[in-house]
1. Over the chain, what relative contact order in percent results from Cα pairs under 8 Å that are six or more residues apart?
2. Where does segment 134-285 land on Rg/Rh, using Cα atoms and the Kirkwood Rh?
3. Residue by residue through segment 196-208, which ³J(HN,Hα) values in whole Hz follow from phi under the Karplus form 6.51 cos²θ - 1.76 cosθ + 1.60 (θ = phi - 60°), with glycine and proline marked x?
4. Place a label point 7 angstrom from the Cα of Trp120 along the Cα-to-Cβ direction, then list the residues of segment 196-236 whose backbone nitrogen is under 15 Å away.
5. Where both residues lie in segment 53-166, what percent of DSSP beta bridges are antiparallel, nearest 5?
6. How far is helix 224-234 tilted off the main Cα axis of the chain, in degrees rounded to 10, range 0 to 90?
7. So what's the net charge close to Asp28: Lys and Arg +1, Asp and Glu -1, counting the other residues with Cβ under 12 Å from its Cβ?
8. Just the number, please: percent antiparallel of the DSSP beta bridges in the chain, rounded to the nearest 5.
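Quick note: the coordinates plus some simple rules give every number you see, no bench work behind them. On a predicted model such as this, the values are computed, not experimentally measured, just so you know. FYI the Cβ positions are ideal-geometry reconstructions off the backbone, even for glycines, and counts take in every protein chain you see.
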Amino acid sequence: MSKRTLLIIGCGDLGMRVGHSLAPQGWDICAVRRRPPSAEGDFNWIAADYARQGALAFAQQLRPDIVLTSFTPSSMDPEGYTRGFTQAAANVLDGLGSHRPRHLIMVSSTRVYAETEGGWIDENSPLSTQDERALAIIAAERLFLDSPRPASVVRFGGIYGDPHGRLLTRIAGGQVAPAIPLRYTNRIHRDDCAGFLVHLVRQSTAGAPLSPVYNGVDNDPAPAHEVESWIAARLDIATESMPAANPQLANHKRCRNARLAASGYALLYPDFRSGYEEVCRHLTN
C-alpha cells in the first residue's frame, strides 16, 4: 500500500507534534513554514509564505490525503489577521487546484464566539460580529467549510504546556489575575491539541465522518484567578493580584466540548490541575 501524505501548512510546534506522531505510522509529512528548520528527519520541509498569493501552487502536485493548517497572523493588527488567516485559507484552496484531499482540517480559536459575559457556548453558538481579528478567522473557516472539499475546523481554547510560557513567567514574578471581575478561561494542553488532531486524521482515513466544527478545550472552564492561584501554590510562590483589567478586555465564556468527547477522543489532561501538575513538575525537578 502506498504511503499517505499529510500536508501541514504553518507547521510550528503543534504541527510538528502531529507530524512526529504520524510519521512512524507510515505517513509522508510535508511541512510548510516561512523559515523551515535546518534539519528534521521525519519531515519534507517546504519554504513558503502561505499568506502570499500563489505561494502554495505546489500543493496540487503533492496530492495530499489530509491537509492540516495552523495559521498565525502576519502581524497583530486586523490586517495581519486578514493576511494570516483569510488570505492564507484562500491560498490553500487555490494551491490545491482540482485536487480533493480526503479532508481539510483547520486549527482555529474559541475567540470566534460572540459570548463575552461568562455564558456557556457550544459549536452552534453565535459568532462574533465586532472583533475584527475574530472576523478574519471566521472568514477563513467559512472558505474551508463552504468549499467542495470535506473540511473541519477545531476551535482551540488557550493552549498551554510550555513550562517557560508567558503565564508561568508572570506567575513566577508574583502576579496572578484578580478574582474580581470574574473571568472564565478555557484551555487545553498542547499534548491534547496534537492528540486530538491525530485522532481526527485517523478517523478520516478510516472513513469515519467528522463534524464540521469542534471545540478543542478540556472539561473544566475555570476562573483565571483560580487557575493561576493554584499554580502559584503548587510552585510555592507568594503572589499578589494584578490590577483589574479593562472590562472590555476581560471577555469570558465557558466552552463545552461535547463533540470532542463524542468523537471518542479521551483527554490526557481533562482539567487544569492535571495538566498544570505535569507542567509544574518540569519546573520543580
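1. Relative contact order for the chain comes out at 17 percent.
2. 1.02
3. Whole-Hz 3J(HN,Hα) from phi for segment 196-208: 5, 5, 4, 4, 5, 4, 5, 4, 4, 5, 7, x, 7.
4. What the label zone holds, given the 15 Å backbone N cut-off, is 219-222.
5. 10 percent
6. So the inclination is approximately 80 degrees.
7. +1
8. 10 percent
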